[in-house]
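For reference, the structure is listed below as structure tokens.
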Amino acid sequence: MSTIERTLDLDLAALRPARQPIAARAWNAVASVYRTLRNRIIVTKMTELDDHMLQDIGIDRRDIHRALATTDLFNDPSGYLTRQARARARRSIVYLPRD
């Protein structure tokens, strides 16, 4: 058997999707729900920060209220805040001419 034939055999073995045991899938689901609820609690506590602190991390109070209003209990509102902060940062970049 040549090296090329062995390489092809290895490629075919890699194409099979790995199946997770039921316990691992259940654990991943529980961990995901826990992470989402924890992040929702943290975002809710962010309403206690003053406007200057929120501005330092690139969001404002409206972003927090929108994130909590537009996501249901099992959706993570922190993703919305991350997207808003990144969009605000992109809009605020000033392009300086190069010398």
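The values are calculated or read from the model by the stated rules, or taken from the named source; none is laboratory data. Note that the structure is a prediction, hence the values are computed from the model and not measured. Positions of Cβ are backbone-derived with ideal geometry, glycine not excepted, and every protein chain shown enters the neighbour counts.
Okay, residues lined up against (1) more than 16 Å from the chain's Cα centre (by Cα); (2) not β-branched (Val, Ile, Thr):
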| residue | (1), (2) |
| --- | --- |
| HIS52 | yes, yes |
| GLN55 | yes, yes |
| ASP63 | yes, yes |
| ALA67 | no, yes |
| THR82 | no, no |
| ALA85 | no, yes |
| ILE93 | yes, no |
Requested in this report: Kindly check whether there is at least one residue in segment 10-28 that is at pLDDT below 95, closer than 30 Å to ARG86 by Cβ and out of contact with any Leu (no Cβ under 8 Å at 6 or more places or on another chain).
Outcome: yes
Requested in this report: Quick one: LEU73 ticks every box in (1) under 18 Å from SER32 (Cα atoms); (2) part of a helix (DSSP H, G or I); (3) of a type in the set (A, V, I, L, M) except a single one, so which number is it?
Outcome: (2)
Query raised in the report: On the given criteria, is ALA67 closer than 11 Å to LEU81 by Cβ, free of Cβ contacts under 8 Å to residues at least 60 places away in the same chain and assigned to a helix (DSSP H, G or I)?
Result: yes
Query raised in the report: Only one of (1) modelled with pLDDT of 90 or more; (2) assigned to a helix (DSSP H, G or I) fails for ILE59. Which number is that?
Result: (2)
